[in-house]
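Bear in mind that the values in this text are calculations on the coordinates, not laboratory data. Source: prediction; values computed, not measured. Reconstructed Cβ throughout: ideal geometry from the backbone, glycine too, with neighbour counts over all protein chains shown.
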Amino acid sequence: MPHIRPVSDLRNNFADISRTVHETAEPVFLTKNGYGDMVVMSIEAYERKLFESEIYFKLKEAELEAKSTGVRYSHEKVFSDLRKNLADKIGKDNV
């Protein structure tokens, strides 16, 4: 169930709102004059949402590319390339 509070609670009950967003890892929706105005969330929840959005965007990009080309890669090829790129990056960072 979403947490909905008036925007005035941000000033008057900040500690309670902070505790809610950290304990539940869910956003609190703030209203002004009965209408949605803002969303407050913890930094961890915000970063998780950004990460999920980035993954979704990359998957959508891959799906569109797959539709436009007949090229397919085996999991062996993909993981081999990933391991090589990772080894190259680790090698460069340690130099």
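If R0 equals 22 Å, the separation of the Cβ atoms of Asn13 and Phe51 corresponds to a calculated FRET efficiency of about 0.15.
Taking amide H atoms as placed 1.01 Å from N in the peptide plane, the amide H of Leu30 lies under 5 Å from those of Arg5, Asp37, Met38, Val39, Val40, each 5 or more residues away in sequence or on another chain.
Projecting the Cα atoms of Phe79, Met38, Val28 onto the charge dipole of the chain, computed from C-beta unit charges around the Cα centre, puts Phe79 farthest toward the positive end. With R₀ set to 41 Å, the beta-carbon distance separating Ile4 from Ser68 gives a calculated FRET efficiency near 0.45. If the segment from Phe79 to Asn33 were pulled out straight at 0.36 nm per residue, it would be longer than the present Cα-Cα gap by 11.2 nm. The spread of Cα positions in the chain, taken along each principal axis and listed from longest to shortest, comes to 56, 40, 19 Å. Peptides 54-63, 18-27 ranked from most to least packed give 18-27, 54-63, packing being the mean of other C-beta atoms within 10 angstrom over each peptide's residues. Coupling constants for region 57-62 follow from the phi torsions by the Karplus curve (6.51 cos²θ - 1.76 cosθ + 1.60, θ = phi - 60°), and in residue order they are 4, 5, 5, 5, 4, 5 Hz; glycine and proline get x.
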